[in-house]
Every structure is written in C-alpha cells, then in structure tokens.
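The values are calculated or read from the model by the stated rules, or taken from the named source; none is laboratory data. Everything quoted here is computed from the prediction, not taken from an experiment. When we count neighbours, we look across all protein chains shown, and the Cβ atoms used for this are built from the backbone with ideal geometry, even at glycine. Protein only, heavy atoms only, side chains kept; ligands, DNA and RNA dropped before computing areas. Shrake-Rupley method; radii C 1.70, N 1.55, O 1.52, S 1.80 Å.
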2 protein chains.
Amino acid sequence: MQSLTITFLGTSSGTPSRTRNVSSVAMTLDGTVLLFDCGEGTQHRLLEAPVRSGAIEAIFITHLHGDHVYGIPGLLATLSMNGRTRPLDLIGPPELSVYLESTLRTSFHNPSFEIRLHDVKGIYRGETFTITALELDHSIPSFGYCLVEDDHPGKFDPDKARALGYEPGPVYTELIRARDPRVLGAARPGRRIAYCTDTRPCAAAVELARGADVLIHESTYAGDMRTEADERKHSTAAGAARIAAEAGVGRLILTHFSSRYRDVIPLLEEARAIFPNTDAAEDLMTIEVTR
Amino acid sequence: MQSLTITFLGTSSGTPSRTRNVSSVAMTLDGTVLLFDCGEGTQHRLLEAPVRSGAIEAIFITHLHGDHVYGIPGLLATLSMNGRTRPLDLIGPPELSVYLESTLRTSFHNPSFEIRLHDVKGIYRGETFTITALELDHSIPSFGYCLVEDDHPGKFDPDKARALGYEPGPVYTELIRARDPRVLGAARPGRRIAYCTDTRPCAAAVELARGADVLIHESTYAGDMRTEADERKHSTAAGAARIAAEAGVGRLILTHFSSRYRDVIPLLEEARAIFPNTDAAEDLMTIEVTR
C-alpha cells in the first residue's frame, strides 16, 4: 500500500503566533504532494518540513481569506526561482483566479511554469486518487475537500486460480498484474481524508467526511466563545467533534485555533468528551494515515 | 538625543532560507517604527524582533517585486485584528496602490484603519525627521530612501546669554526651550540613514547616501557573479562598497544576499577591501545609530 501522510504546516487562525503559522496542510501520497491552503509563510514552513516543495502537484484553496491564500504568490515565485517547468494545478473558489492574476501582474511576476486553474466543483483526478469539494458554511464562499484514494485490488486467491485451471507458475504473476477480478478477493476501499475549514458545523462537512479515515476540521474557538463562533461562522471544538461523530470518521484532528488560546488542551478535552479519538494539530506534526 | 536603531527583519534576496527571510528593515526613532520593504513573513519576524508592530507609523516600499511586498497584506490584516484605528502611511512606486487595492479586494480584506498612500517623489515629513526618495537603477522602477533626522539645536552658551543681559535663573530654561539662536552654539546635524535596494551601483545611490551615518546597500552577489549582477541589475559587494566610499558614509551594511551564499564572509571581505567599515546584516540584528 502506498504511503499516505499528512503534515500540518500552519494551525493558527487569522494571524500567526510564535508557534503556529496560518493555515496550510500537506498531504503526501508516495512522494506526490498536495497542498491544502497556503497562508503567508507556508514556503517558510516547507523549508523545515519533511515535504519537498518541488513535489507539489496541486494546491487546493478553501476560501479567499488572507490567512489561507497570502502565501501562494511567494511559493510560486520560489518554485520559479528553483527552475520548475512542470505545470501546477490550482483549485479553489472562482475568485482565486482574479486574486492570483492581479497579484502576479502587479508584482511583475511571470511564473516559469504553467498554472492550470480547475473548477472547484469538478472532480480532481490524480494518478491514484480523486479529490472532490463541497461548499461549507462561512462568511464568504468556502469549500471543504475530500481526498479518496483509489480502491486497492483484493488479495490474490490461488484456489480461485486453480479452479479456473491455472497451475502455479509465472501465469499467477500475470493474473495479479492484470488485476483479473476472477482470481482476486474483495477490493479494499482506499483511504479517505476530509479537510473542512473555515466553516460552521454543517451538513456538507458531514457529507464530505462520511466514513473518512481522518477528518481535519477547524476548531477556532472553545465553548466559551460559542456565540462568537456562530456569528463569525466558525466552529468550536465541540462542534467539530459532533461532525466527526455524525460522519462516523476514524479519527478527528482539530486545527485553525484562534491565537487567543496559547494552550489548546481545553479545546481538545471538549472535543474528546464527544468524539474520543481526537487530536490537536501542531505545526510540523506529521501523521501516517492507516486503516 | 533620541534613540535611533535599525533592525534587520529579512536579509535574503528572492527566496527565504532557513536563516534569512526576504527583505524588510525596521528603523525605530524613540518608539516610532518605520518599515522599509515588507517581504512575505515580515510579520513573523516582527514577532521575534524588539520592534512593536503596533508602533509602525509608515511603510516605505522600494519596488514591487514579490520579495519586497508580499508581506504587506498579511501585516495589515494582523494590525486590523489587533484593533488598530490609527492611520498608516504607505509610500512606494505608483503601482503599489494597484497591487494593494486588488489584493485587499479579492481577499475580502477591509482594514480597520485608514491607509494613506503618499507619492514616493514627495518628501515624507515625520515628527522629528524627513524621508526622501530617489529612483535607482533596477529591472523595474525601484526607489532608494534616505531618512534625515532634524538638526539638533546647539548647546546653550551662558556667556552669550549674559552678554545679552540675562542673569542666571529660570529665564535660562525659557531661552533653551525657545531654542533662541542668540544663546545657542552651532546646530548639530541630525543623523542620516540611506537604504538602497534593489539596484545596480548608480549615481542616485551616491546622492542619497552622501554623508550618511549608515548606508544599507544591497549586495546580492560576490565578484564571481559580476556579469549576472549587471544583467539582473543588482550589485556585488564590491559595487556596494564603491558607492559607500564615493558617498563618504560612516558605515556600510550589506544586505539582500542571494541564497546561493550560505556564508557571506567572502562578500564582506570583498567590500572591506574597498570600504573597511562594512558589516554584513543578519536577520534580527539590531544596531544603534550613533554619530
């Protein structure tokens, strides 16, 4: 099975602190890097992370607030200065192309590679995965994403092969390579990771996260700021945990913490009371996604 | 005499490295902070520096290349989130207003304070200083700046006061407060700091730096990259040193080093061979400007 890891590059909402940068998450599938959000300073975090910026295949943007996009132009400039020629896919709300075009034009910035803009409402097809988006519930258009790894073929069953008249030998290797369904067990579903920020707890987040191995959900506030969370269209830790429970995910990881919380343990405890398998993201934390 | 310090927030050209961020310099006069350039991650460096971001009175931009401006929108957002209401002055090439307006608009960013754009070719008047700009020689319009502190009044001369018929007493305090030129010695000229980047060595840099206490000059390359420096309209360390010598400055500080140089000692040596009182800037280095 290919390796699938998540590295948190920025876990603060709004403004950076000394320990948390603004939003960005890298997902790495066997060396292919997918970036989700790109707040200011993402390229700086990449210098410290076990993630090669040259291996970024696509950048997925949830919404146009600065703490999610102000790192894009600088990252593109650095990729150009590093001599990139391979195209880069960019996925996000329609306004993203306007932001990018005007920023690059007014800063005399002409990337050395093609930037391919994709419609956020389409399905993004990678070599071994797909990524879909759904609109969440925030103060401006904001989209959550779900990465779905392709199903893994079932295990080779020599009894089935023999029943079909095949004798053990090189032909077995060929049958496996051809993924012949007659000789394989049941396919094993690919892993799923959902990424929901910025948003109030909403039905679209549940839909995206349904059956996910990992749900990364924003948790800007603790319960004491419930009213502000609603007004500002953000989630509390408990709100994120209820989404995780309803969607039946394997694991919840909280992120996008307001800088008012130096210590996020109280948020973690609020969430665990509802959904026990919860962790709080930290900058440069890397996790392996397993079944 | 008021305190006058320079803090280097970013000393790398083009892209950040693990130890050097892209361009920004803060000058602090008795608590008033003036920022020169604002590359991506400047607000992150401010979190570590002995410089209060809330005390920033004005931001001076040399040119529109990303490594000098991509940190502006995020810094403005953070100042807003910190509740700033005091206006902020912004000075730079005419294209700066287009960059800023389009970036703020497309990222749904409405600052909580007024941003007052000034013509770079005018004279910026602070409470105790003026700042003037001259166009340098770069691949796009680029301006150097010179901060000139107001002259300090001469020392009170009791003999002159007595010759005018004043007897020692409270009247002396009044004469000093009124800065009566009849009882003061020669005025002492204010300190000068010139900031020249990005540019080839040019006459405008000499003019700006004439008699400066400190010249901060870009030094992107060492002598081995002389040809590239010319082509790309940058300076070598030796080029910067010749400007310092010609302008008769007190002290030269090199900055804006290409990330190809992990060790800038060779650049420092090249410059010192021409202008001995030279230092190489490092991120978070603070110097006191003295006469």
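Figures for the structure shown
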item: Of the criteria (1) farther than 26 Å from B:GLU149 by Cα; (2) among the β-branched types (Val, Ile, Thr); (3) open to solvent by 10 Å² or more (accessible area, probe 1.4 Å), which one B:VAL22 fails; result: (3)
item: Of all residues in the range B:40-63 being of a type outside the set (Ser, Thr, Tyr) and in contact with a Phe, Trp or Tyr (Cβ under 6 Å, 6 or more places away or on another chain), the one that is surrounded by the fewest Cβ atoms within 10 Å (Cβ to Cβ); result: B:PHE60
item: Pair list, Cβ under 6 Å, 6 or more apart: the range A:48-75 residue free of Cβ contacts under 8 Å to residues at least 60 places away in the same chain, other residue of a type in the set (D, E, K, R) and assigned to a loop (DSSP other than H, G, I, E, B); result: A:TYR70/A:GLU40; A:GLY71/A:GLU40; A:GLY74/B:GLU40
item: Any hit, the range A:140-161, residues being among the polar types (S, T, N, Q) and in a helix (DSSP H, G or I); result: no
item: Total residues in the range B:12-37, condition more than 14 Å from chain A (Cβ to nearest Cβ) and not aromatic (Phe, Trp, Tyr); result: 11
item: Residue match in the range A:126-133 (condition: within 14 Å of chain B (Cβ to nearest Cβ), at negative phi, hydrophobic (A, V, I, L, M, F, W, C) and not in a loop (DSSP other than H, G, I, E, B)); result: no
item: Residue count for the range B:65-93, restricted to those that are more than 9 Å from every other protein chain (Cβ to nearest Cβ) and open to solvent by 20 Å² or more (accessible area, probe 1.4 Å); result: 6
item: Selection status of A:SER112, more than 16 Å from the chain's Cα centre (by Cα), more than 11 Å from chain B (Cβ to nearest Cβ) and either over 22 Å from B:PRO111 (Cα atoms) or open to solvent by less than 10 Å² (accessible area, probe 1.4 Å) (or both); result: yes
item: Residues located in the range B:142-157, provided they are open to solvent by 50 Å² or more (accessible area, probe 1.4 Å) and either at positive phi or not charged (D, E, K, R) (or both); result: B:PHE156
item: Output for the range A:260-290, where each listed residue is in a loop (DSSP other than H, G, I, E, B), open to solvent by less than 20 Å² (accessible area, probe 1.4 Å) and touching a Lys or Arg at 6+ places or on another chain (Cβ under 6 Å); result: A:VAL289
item: Among (1) more than 10 Å from every other protein chain (Cβ to nearest Cβ); (2) more than 15 Å from B:ALA281 (Cβ to Cβ); (3) modelled with pLDDT of 95 or more, the one test that B:GLU48 misses; result: (1)
